[in-house]
Structures are given as C-alpha cells and as structure tokens.
Amino acid sequence: MLNRRSLLASSAASLPLFAAWPAMAQARKDSVTLAMTLEPPGLDPSAGAASSIAEIVHYNLFETLTKINSDGSVSPLLAESWEVSSDLKTYTFRLRKGVKFHNGEPFNAAAVKFSFDRAAGDKSTNKDKRTFSNLSTKVVDEHTVVITNKDIDPDFLFVMGQATSIIVEPKSAASNATKPVGTGPYVLSAWSKGASVTLTAWPGFRAPQSIRIKRAVFRFIPDPAAQVAALLAGDVDAFPRVTPRSVPQFQRHPRFQVVVSNSRAKTILAINHGKKPLNDVRVRRAIAAAIDRKAVIAGAADGYGVPIGSYYVPTAFGYVDTTGVNPFDLEKAKALMAEAGIKAPLSLTMTLPPTPYARQGGELIAAQLAKIGIQVKLQNVEWAQWLSGTYTNKNYDLSIISHVEPFDLGNFAKPDYYWNYHSQEFNDLFEKIKNQPRPADRSRLLGDAQRLLARDAVHGFLYTPQWVTVADKKLRGLWKDMPVFVNDLSSLSWG
C-alpha cells in the first residue's frame, strides 16, 4: 500500500495529473452543515408562525418577488422590475421569464395571484394574513401582475421579500409543509424528524452554475453545551444565532470566525391581557418596573442586546427612546401593586419555549418579580407546545419570546392576537401610520405609537438581541446583519 509521500512522488511523474490534484480536492468541498436551535414544525412559511421555517426554506426552496439583502436593501428576485403609482398604492411587477417550479410547472402571474389570494383566504394560517387581506392582485399577462394595496406602505417591497410572501405552485400548495415545491435553487432531500433536514441543489434551477454549495444539512441542537461541542468537533460548519455564552473561546480559536449581527427582533416578556389582574395597567407597570433590563441582557443574552422600552428597535425608522417610561424601580413597583389592591403573593405562570434566552431569562425575571410579591411558576414547553398552547390558544400568563419580524407593529391592532391587547387609541393611530405618505409625519406618528405602548406597559419590553454566528473561518458569504431570519445558501462558498 502506497503511503502519502510515495503517492505524491508517483503522481509528480505526470505533471497534468499532479497539477489537477489540488483542484480536484478543492472541488469536493461543496457541502455545508449548519445548525439551528429549534426544529421547524413544518416547511411552509406561509402557513406557520415559527421563524425556524424560514431559516431553512426562505430563498433556498421558496422564492419571493423581491429579495431582502443583509443590509436591509431590496433587490429583484422573481420580479425583474416594478413600477409604483403616484398614490403609492399600486405596484406593477414584471416577472422573470423561464422560471419553473420544482415539479416542472411554470412560474407566472397566475401563480402570484394564487399565492396572495391564498394568503388572504378564509382558511389561511399565514401570520401576515391581515397584510394580504388588504391586497388586490390582478393578472395582466403571463409575466405582468398588478398589486393594489388599500394602504400606503413604504415598506411594501420589503414585505414582498419576506417568507410569508413566497410564491407557491397551486397544485402542490396544500402539501408544502412536508413536501415543499418552490422555484428556489434547492429541493428537500431528507427530513429526519428531531435530528436534521437535508437540502440538495436542484439541477433544474435557472442558474445552476451560480450555486456552489450542492448539499446542505441543517442540524437541530437546542442544548447550549451540545452546540459548543458540535462546533469544536467539526460536526457543524456554521451555527447562525448560536447561544452566545461560549463566544469568547471561539473568538480566540484560530479555526473559527465570529460574526455579530444587528437585528430587528424584539425580545419581550409577553403579558396576556385576557387574564386578571394582568388586564390592570398598574399591575403591568409594576411588572415592568421590577425588571432590570441590563441584568436580563447580561444573564439571558450574555450581553448581546440593547435595552428597549417599547416594541421598536433603535435601528428602525421613527425610533424614539422609551426606556425611561417604565424604568427599573422596585419601590415604585411595590407601590403600584399596592395601588392595584394586589395582596402578595400573586401567583402567575411563565411559559417558556426551549430557546436558551427564554429559559435563562425566565429564571432571572422570576427572581426579580419575587421581590415585589409576584410568585412565578416556570413552565418549560417544547416549541410545538408553545405554538399551540401559547400562540394559538392563548393559554398562558407570561412568556418570554423574541419577535423577529421587522415590520410587525400592526400586531397590536389585531383583535385576535395572542396578547389579547385591545386599544382603540392604538388602532386609530396605526391607521394613520399606514396611510401617511409624508416620511416626517409618519416618523412622528410612529413615535406616538411607541410611547402609547410604553405607557400602557403592554409587555415587559426587554431588549433587541444581537445575533452571533460562529463558523469555520473558511466559509464565505455569511450575512453580516439579520434584517430577516434566513440562511441564504446561494451566497455561501468555501474559500
């Protein structure tokens, strides 16, 4: 059996073979293994609220009319170009020609209309159903579609690039949760429940030569210690949004790169207004005043976060600083509880999904609330249980969750949303925001909305997280910032 030295020596006798050997070795590196904290409940982002769905399928299996880039800008994707009417409500999209779905059916204007009508339909479970209900979609010809919005939405092109706006193939739409059919560069190869999802490059993609990663495996690793072990062992090439507790050791390690990303996410202590005495603003303000945001950021996010006082982040248009509306003040919190007639102990249940920030944050906040006489029982649930029990059935008192959608202020105007928050004042204000064409006036109204939510102490507004990605130093194309939750495989390559 030849050893390595004799093999190289014999290969050197044939110069072309020897010269090609490194290139052949490099060419074999066309796969990547990524890890995620949560497994998605399905693979159709237009039918479920879990952001983990989009982390796998958005831009990989399914595509949208526009594409959101790492810096938050918007570029053409399935739409090659568009025109906007003078009243800022009507968009004419020119669609890309020669595009097919994975099942061979053509992508066209009819598929766009079907997708958006489906998202607005009576049976829709799209988390942005309200947005699509405001749209009227008209087919002009096979490659031209006109979309009219009831409202003025300066972020409409961004919304058209979000995962809820995917274009689906009509005949296969009903089974997309388990058998996804899109127009993207990848297809589903395998789903090992509880372990991993495997995607492979689709030969029928319109630009197959641009796809350098031919096979991608998404592994599900919720435990922080196991996340670190998988990275160190080389079992995982990249872990986007990894639990940041172990970051220092990776920053010092020569084999890894650490990318810290800004986000548009809002981590909150969600409060169910449908439960007494949480429907009393004095109790909610007491809860807010009992929370030391800086301590929560240090303990739950390992310092990777910026305090917020309302449901808005510092990088967003129209942001105002409301952290001073309900500042950390234990004496004030105790006085508010007394004013509300609450006798200690007040027993509440905090439902926590499996993400480390929620579990760690839950322990911290429970200890803080105990100081004002609120006895919190921590209830750890799996992600599917959180989606069904907390999000769908509203069976909770408190919960810690990070809402990652960039433009979801309108959730507070939804009468059936899981918070049970109902405010005609906010609804009227949000209507003005949606229909205000002048940026300066829109910014002012957005500030008013943030202040109203802070005064109402709708939730315990905690922080906007900074996401941390740990990856092999040779992996190229990782997103620097995270305006939306995606793992865009088409941008990845090995250097």
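Out of curiosity, is Gly194 open to solvent by 30 Å² or more (accessible area, probe 1.4 Å) and on the phi > 0 side of the Ramachandran plot?
Spelling it out, Gly194 is indeed open to solvent by 30 Å² or more (accessible area, probe 1.4 Å) and on the phi > 0 side of the Ramachandran plot.
Check whether at least one residue in region 266-285 is open to solvent by less than 20 Å² (accessible area, probe 1.4 Å) and farther than 18 Å from Leu348 by Cβ, and report yes or no.
yes
Within region 95-125, restricting attention to residues that are touching a Phe, Trp or Tyr at 6+ places or on another chain (Cβ under 6 Å) and free of Cβ contacts under 8 Å to residues at least 60 places away in the same chain, which residue is most open to solvent (accessible area, probe 1.4 Å)?
It comes out as Ala120.
Has region 62-70 got at least one residue that is modelled with pLDDT under 95 and either among the acidic types (Asp, Glu) or closer than 29 Å to Ala265 by Cα (or both)?
yes
Does region 339-353 hold any residues that are out of contact with any Ser or Thr (no Cβ under 6 Å at 6 or more places or on another chain) and either in contact (Cβ under 8 Å) with a residue 40 or more places away in the chain or within 17 Å of Ala457 (Cα to Cα) (or both), and which are they?
Within region 339-353, Glu339, Ala340, Ile342, Leu346, Leu348, Thr349, Met350, Leu352, Pro353 meet the criteria.
For region 424-441, indicate whether the set of residues that are of a type in the set (Gly, Ala, Ser) and in contact with a helix residue (DSSP H, G or I) (Cβ under 8 Å, 6 or more places away or on another chain) is non-empty.
No, because not a single residue in region 424-441 is of a type in the set (Gly, Ala, Ser) and in contact with a helix residue (DSSP H, G or I) (Cβ under 8 Å, 6 or more places away or on another chain).
Starting from region 188-216, keep only residues that are of a type outside the set (Lys, Arg), then list their pairs with residues that are exposed (fewer than 13 other Cβ atoms within 10 Å of the Cβ) and modelled with pLDDT of 95 or more whose Cβ atoms are within a distance under 7 Å, requiring at least 6 positions of separation or different chains.
Thr198/Ala190
Could you check region 212-259 and list, in sequence order, the residues that are among the aliphatic types (A, V, I, L, M), assigned to a loop (DSSP other than H, G, I, E, B) and either modelled with pLDDT under 95 or surrounded by fewer than 20 Cβ atoms within 10 Å (Cβ to Cβ) (or both)?
Of everything in region 212-259, just one residue is among the aliphatic types (A, V, I, L, M), assigned to a loop (DSSP other than H, G, I, E, B) and either modelled with pLDDT under 95 or surrounded by fewer than 20 Cβ atoms within 10 Å (Cβ to Cβ) (or both), namely Val242.
Identify all residues within region 354-378 that are free of Cβ contacts under 8 Å to residues at least 60 places away in the same chain and assigned to a strand (DSSP E or B); write none if there are none.
Residues satisfying the conditions are Gln375, Val376, Lys377, Leu378.
Can you name the condition, by its number, that Ile401 falls short on among (1) buried (at least 17 other Cβ atoms within 10 Å of the Cβ); (2) over 19 Å from Lys127 (Cβ atoms); (3) in contact with a strand residue (DSSP E or B) (Cβ under 8 Å, 6 or more places away or on another chain)?
Of everything listed in (1) buried (at least 17 other Cβ atoms within 10 Å of the Cβ); (2) over 19 Å from Lys127 (Cβ atoms); (3) in contact with a strand residue (DSSP E or B) (Cβ under 8 Å, 6 or more places away or on another chain), Ile401 misses just condition (2).
The values are calculated or read from the model by the stated rules, or taken from the named source; none is laboratory data. Every value quoted in this text rests on a predicted model; they were computed, and no experiment measured them. Here Cβ is always computed from backbone atoms with ideal geometry, including for glycine, and neighbour counts include all displayed protein chains. These accessible areas exclude ligands, DNA and RNA; they are computed on the full protein's heavy atoms, side chains included. Shrake-Rupley method; radii C 1.70, N 1.55, O 1.52, S 1.80 Å.
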